[in-house]
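Presented below is the structure to which this report refers.
The values are calculated or read from the model by the stated rules, or taken from the named source; none is laboratory data. A quick note: this is a predicted structure, and the numbers were derived from the prediction, not measured. All Cβ positions, glycine included, derive from the backbone under ideal geometry; neighbour counts span all protein chains shown. When the accessible area is computed, the model is the full protein with side chains, heavy atoms only, and any ligands, DNA or RNA have been set aside. Shrake-Rupley method; radii C 1.70, N 1.55, O 1.52, S 1.80 Å.
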Amino acid sequence: MISENEKQAANSYSAENIQVLEGLEAVRKRPSMYIGDIGQRGLHHLVYEVVDNSIDEALGGYCKNIDVTINEDNSITVTDDGRGIPTDIMQKEGKSALEVVLTVLHAGGKFDKGSYKVSGGLHGVGVSCVNALSSLLIAEIHREGKVFQQEYQYGIPQYEVKVAGESNRTGTTITFKPDATIFTVTTKYDYDTLATRLRELAFLNKGIHLTLTDKREQEESENETEKHYRSDHFYSESGLLEFVAFLDGTREKLTEKPIYLETEKTGLPIEVAMQYNNGFSENVHSYVNNINTIEGGTHLSGFRRGLTTTLKNFAEKNGMLAKLKFDIDPADFREGLTAVISVKVGEPQFEGQTKTKLGNSEVTASVSQAVSMALDNYLEENPKDAKQIIDKVILAATARHAARKAREMVQRKTVMSGSGLPGKLADCSDRDPSKCELYLVEGDSAGGSAKQGRDRMFQAILPLRGKILNVEKAMEHKVFESDEIRNIFTALGVTIGTEEDSKALNLEKLRYHKIIIMTDADVDGSHIATLIMTFFFRHMNDLIKRGHLYIATPPLYLVSKGKEKRYCWNDTERQQAAEEMGKGKNVNVQRYKGLGEMNPEQLWETTMNPTNRILRQVTIDNAAEADRIFSMLMGDEVPPRREFIETHAKYANIDT
Ligand code: 0RA
């Protein structure tokens, strides 16, 4: 059989193959066009692309287990127990189906007519892109009692599919090593990033077992002397119900039971879970074919419409809105609501800046009807919860009116009173926002050093007083009554609220394109940085999404000997510097506790000068996880926060 295949393959090595090479070459020339970017995100995207193929196989009902392993050399192995990618020769292409899947762009699943492909990477480019961007890829297929194998380098097959042994199971194993000449930023996989995505996939696709194992280093297990690999197993029995419970782990529930629906409307599978809590933020996450649609779209509109009309009708029917003197805004129905909406669409149209907005118009009505029906039933069957929810909506509407007044104050102040800028702001002289930076600095004394040390041409300083308001726990009008927060709004030139959407952010007049949080490198400092980030996350989310928010990283140590000085950002650097400078003799190590300990020149040199400084851009990799972490870090419960800080805090050791 194989020799027959080889003959056919050899005969037809022609136009098809040249096309393939051109296709993969295009991917290597412009990788960002296919996988988004070539940084940390793109690197991890490769894994998701491979896993998505296995998820498809699982959604077809052919596979139950998907295992992902980070190998010692930062290569990745994805194994599933599906049917195995077919290895027989395809007449038209003159090569194995496996090779077609691995070398032809968009080929995945095409040849399996019966398959209902719903999963699929963000860009839907398939595993051939992963192949093109890997220095090595090995495919191992268990099928028909045999093990088939084929290897690739940079997308080029090194030999025809061969039989490498016998097997009594079926499944696909793909191992790939990202090409370091493409992923120049990093080729190192982050366990937590992969774990978060696999957990999300487990919630979104109940009944599938996903595991993640890290073979790069072993850890000691509790009560055991044996070492073992770090590993997690993700599995969800009840899907989005558990997802919502997980997201709300540290929030206080408003009602006993979450509201859940799972249905199919005109061939469109819909799953929704929602739960009200006693907080003030809206945490609604939507997915299409397992892709997080951060820009929303027709499914989200359908959800909102269903929610708003059903709750409104119910409240009116029961005379619960009689005492209300003003209208209710649709957003009032979503305050303190955590919800996940997941739909599977056969031919999704993705629109928007990041292609994460669903455009299929038929989806709105389907989702809206499904939500209305399930919610109506719930309200009828749980009158006590229904009252709680409506009361909460009325409270939200009342608070919104108070907030609007407070907000109008902020905006009026921006427009009037001379420049309208806060007195504490030391502005820069350049007026081109793309060149300008605003430093948000903890404390007046550090603010003073920053003002003296900066380049006043393009760097502005806004000192903030100690701990700013924890917006996670405050009602909205409190947020806009806070002086520090008003100062941030006015300094940035950002306004909110339009006729239609009272929460829309207006970034057109943004005065600085880099907003840099600069706090002490200690526990207090990182707490303040987190408070400021929480504010931006909840109230200026778009500003983060557009990449305007950064964190400055002041050094932790100054190692000096006579006139020679070296700043160090971690313990390894410190040790190295001390060794190189004097073999331990007359070397002075100064530990910076705060920004205030540096003089203006030092602050400029280490933390503000664009040629030396290290800026960390704040990004939102996974919206649901970011939401969960912020609510946990800023919420009322102490134990989970302590646990998180103990496992993640880089600064914990310098305070003791
Ligand atoms: C199409 C047809 C068949 C299997 C697959 C695709 C398949 C693809 C992937 C990608 C990762 N894991 C996979 N598992 C299966 C088989 C059709 C048949 O056996 O009749």
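What are the residue pairs meeting all of these: first residue in segment 88-104, first residue of a type in the set (Ser, Thr, Tyr) and in a helix (DSSP H, G or I), second residue more than 14 Å from the ligand (Cβ to nearest atom) and open to solvent by 10 Å² or more (accessible area, probe 1.4 Å), Cβ atoms under 7 Å, and 6 or more apart or on different chains?
Filtered contacts from segment 88-104: 103/20.
Return yes when residue 450 is modelled with pLDDT under 90, open to solvent by less than 10 Å² (accessible area, probe 1.4 Å) and in contact with a helix residue (DSSP H, G or I) (Cβ under 9 Å, 6 or more places away or on another chain) and no when it is not.
Taking the combined requirement at face value, the residue does not satisfy it.
Cβ-Cβ under 6 Å, sequence separation 6+ or interchain: first residue in segment 53-82 and without any contact (Cβ under 8 Å) to a residue 40 or more places away in the chain, partner within 13 Å of the ligand (Cβ to nearest atom). Which pairs?
62/82; 62/83
To keep it simple, each residue is scored yes or no on (1) open to solvent by 20 Å² or more (accessible area, probe 1.4 Å); (2) assigned to a loop (DSSP other than H, G, I, E, B); (3) more than 14 Å from the ligand (Cβ to nearest atom); (4) not basic (Lys, Arg).
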| position | (1), (2), (3), (4) |
| --- | --- |
| 136 | yes, no, yes, yes |
| 147 | no, no, yes, yes |
| 152 | no, no, yes, yes |
| 160 | yes, yes, yes, yes |
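Does residue 251 satisfy the condition of being touching a residue at least 40 places away in the same chain (Cβ under 8 Å) and in a loop (DSSP other than H, G, I, E, B)?
yes
Just give me the residues in segment 442-479 being closer than 16 Å to residue 534 by Cα and aliphatic (A, V, I, L, M), in sequence order.
464, 468, 469, 471, 474, 475, 479
So is residue 434 assigned to a loop (DSSP other than H, G, I, E, B), at pLDDT 95 or above, open to solvent by 10 Å² or more (accessible area, probe 1.4 Å) and not charged (D, E, K, R) or not?
Spelling it out, it is not the case that residue 434 is assigned to a loop (DSSP other than H, G, I, E, B), at pLDDT 95 or above, open to solvent by 10 Å² or more (accessible area, probe 1.4 Å) and not charged (D, E, K, R).
Would you be able to tell me the number of residues in segment 578-609 that are modelled with pLDDT of 85 or more, open to solvent by less than 60 Å² (accessible area, probe 1.4 Å) and within 19 Å of residue 461 (Cα to Cα)?
Within segment 578-609, residues that are modelled with pLDDT of 85 or more, open to solvent by less than 60 Å² (accessible area, probe 1.4 Å) and within 19 Å of residue 461 (Cα to Cα) number 9.
Return the total of residues in segment 124-134 being of a type outside the set (Ser, Thr, Tyr), within 13 Å of the ligand (Cβ to nearest atom) and not in a loop (DSSP other than H, G, I, E, B).
Selection size over segment 124-134: 3.
For segment 439-463, which residues satisfy the criterion of being in contact with a Ser or Thr (Cβ under 9 Å, 6 or more places away or on another chain) and of a type outside the set (Phe, Trp, Tyr)?
If the condition is that a residue be in contact with a Ser or Thr (Cβ under 9 Å, 6 or more places away or on another chain) and of a type outside the set (Phe, Trp, Tyr), then 440, 441, 442, 443, 446, 450, 453, 456, 457, 463 are the ones that fit.
Kindly list the number of the only condition in (1) in contact with a Lys or Arg (Cβ under 8 Å, 6 or more places away or on another chain); (2) open to solvent by 40 Å² or more (accessible area, probe 1.4 Å) that fails for residue 467.
Only one criterion is unmet by residue 467, namely (1).
Of everything in segment 212-224 that's out of contact with any helix residue (DSSP H, G or I) (no Cβ under 8 Å at 6 or more places or on another chain) and part of a strand (DSSP E or B), which residue is farthest from residue 76 (Cα to Cα)?
220
Does residue 503 fit the bill of being at pLDDT below 90, out of contact with any Gly (no Cβ under 6 Å at 6 or more places or on another chain) and surrounded by fewer than 17 Cβ atoms within 10 Å (Cβ to Cβ)?
Taking the combined requirement at face value, the residue satisfies it.
Looking at residue 363 and the list (1) open to solvent by 50 Å² or more (accessible area, probe 1.4 Å); (2) more than 20 Å from residue 388 (Cα to Cα); (3) not charged (D, E, K, R), which single condition is not satisfied?
(1)
Kindly establish whether residue 188 is touching a residue at least 60 places away in the same chain (Cβ under 8 Å), open to solvent by 20 Å² or more (accessible area, probe 1.4 Å) and farther than 13 Å from residue 66 by Cβ.
Taking the combined requirement at face value, the residue satisfies it.
I'd like to verify a number: residues in segment 162-179 that are away from the ligand (no atom under 14 Å from the Cβ), out of contact with any Gly (no Cβ under 8 Å at 6 or more places or on another chain) and open to solvent by 30 Å² or more (accessible area, probe 1.4 Å), how many?
Residues meeting the conditions: 4.
Search segment 225-248 for residues being assigned to a loop (DSSP other than H, G, I, E, B) and of a type in the set (S, T, N, Q), and hand back the single one that is surrounded by the most Cβ atoms within 10 Å (Cβ to Cβ).
236
In segment 41-87, what count of residues is obtained for those that are open to solvent by 20 Å² or more (accessible area, probe 1.4 Å), assigned to a strand (DSSP E or B) and away from the ligand (no atom under 13 Å from the Cβ)?
1
Does residue 460 satisfy the criteria of being in contact with an Asp or Glu (Cβ under 6 Å, 6 or more places away or on another chain), open to solvent by less than 30 Å² (accessible area, probe 1.4 Å) and not polar (S, T, N, Q)?
Against the criterion (in contact with an Asp or Glu (Cβ under 6 Å, 6 or more places away or on another chain), open to solvent by less than 30 Å² (accessible area, probe 1.4 Å) and not polar (S, T, N, Q)), residue 460 qualifies.
Between a first residue in segment 459-478 that is farther than 16 Å from residue 540 by Cβ and a second residue that is among the basic types (Lys, Arg), which pairs have beta carbons less than 7 Å apart while being 6 or more apart in sequence or on different chains?
The qualifying pairs are 461/451; 461/454; 463/424.
Can you report the number of residues in segment 191-209 which are out of contact with any Ser or Thr (no Cβ under 9 Å at 6 or more places or on another chain) and not in a helix (DSSP H, G or I)?
Qualifying residue count, segment 191-209: 1.
Filtering segment 105-120 down to residues that are away from the ligand (no atom under 12 Å from the Cβ) and open to solvent by less than 50 Å² (accessible area, probe 1.4 Å), which residue is modelled with the lowest pLDDT?
Top of the filtered list is 118.
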